[in-house]
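These notes concern the structure reproduced below.
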Amino acid sequence: MLMRCPDCDKPLQVPDDKVGRRARCSACRSVFVIPDPLAGMDETIAGWLVEDMQQVEQMKARHAALYEQLDPASRKTPAMRRA
Ligand SMILES: [Zn+2]
């Protein structure tokens, strides 16, 4: 997988099965622990889900408000409006 050196920000290709192990940056020679990419991804996805749920709730509230503003006549069925 690809990650960035925490010291010099250089993109580094590290073996996927070495997560949690130490690696050395080829550019600046600093030693760091390879982070678990899945752990970080879970956090991000959870954040997105919370955001989406808030948007859904806001949309529902907006729709309800719009419906309340409608003229009672426009709530009738199309057949009734034509008559
Ligand atoms: Zn580095």
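No lab work stands behind these numbers, since they all come straight from the coordinates. For clarity, every value in this text was computed on a predicted model and none was experimentally measured. Glycine gets a Cβ as well: all are built from the backbone with ideal geometry, and neighbour counts include every protein chain shown.
Using the Cβ-Cβ distance between Arg29 and Met1 with R0 = 22 Å, the FRET efficiency computed as 1/(1 + (r/R0)^6) comes to roughly 0.60.
Spin-label pair Cys8-Asp36: with each label point 7 Å from Cα along the Cα-Cβ axis, the two points sit 2.9 nm from one another. Protection proxy ranking of 24-34, 57-67, by the mean of other Cβ atoms within 10 Å over each peptide's residues and highest first, is 24-34, 57-67.
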